[in-house]
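Reading through the structure tokens given below for one structure.
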Amino acid sequence: VHFEKARPGIDGLAQLLSRDYCAETINDFKFVNREQDLGDTGLRQAKMGYNPVHMAEKFNLKPCRT
């Protein structure tokens with residue numbers, strides 16, 4: 001899931017859209033990738049509210065110069 005947008009001020013709307021989208025379109029998958037929270041506290045809090053099974057460790061890669 002790369003992005004989601006819901007009308008501000010309607011509590012629970014984003015969660016409802018996410019739940020219904022997953023139930024209708026990706027029901028053959030066991031996990032959903034919620035993407036990065038980019039260090040934003042609000043996004044991190046929202047992401048953690050989904051009780052993630054796994055959080056991938058972030059790495060920065062640089063080309064090897066020989």
P(r), alpha carbons of the range 13-66 - 10 Å bins starting at zero, rounded %: 17, 44, 24, 10, 4, 0
Relative to the longest principal axis of the chain, what angle (0 to 90°, nearest 10) does the C-alpha long axis of helix 13-25 take? 80 degrees
Size of electric dipole in the chain: Cβ of Lys, Arg +1 and of Asp, Glu -1, about Cα centre, debye, nearest 20: 340 debye
List the trypsin sites (Lys or Arg not before Pro) within the range 3-40 that fall in a DSSP loop (any state other than H, G, I, E or B) and whose Cβ has at most 14 other Cβ atoms within 10 Å. Lys5, Lys30
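Round to a whole number: what % of the accessible area of the chain belongs to carbon and sulfur, probe 1.4 Å?
Values: 3620 of 6670 Å².
Of all accessible area on the chain, carbon and sulfur atoms account for 54 percent.
The values are calculated or read from the model by the stated rules, or taken from the named source; none is laboratory data. None of the values given here were measured: they were computed from a predicted structure. No Cβ is skipped: glycine too gets one built from the backbone with ideal geometry, and neighbour counts run over all protein chains shown. Areas reflect the complete protein model, heavy atoms only, side chains present, ligands, DNA and RNA absent. Shrake-Rupley method; radii C 1.70, N 1.55, O 1.52, S 1.80 Å.
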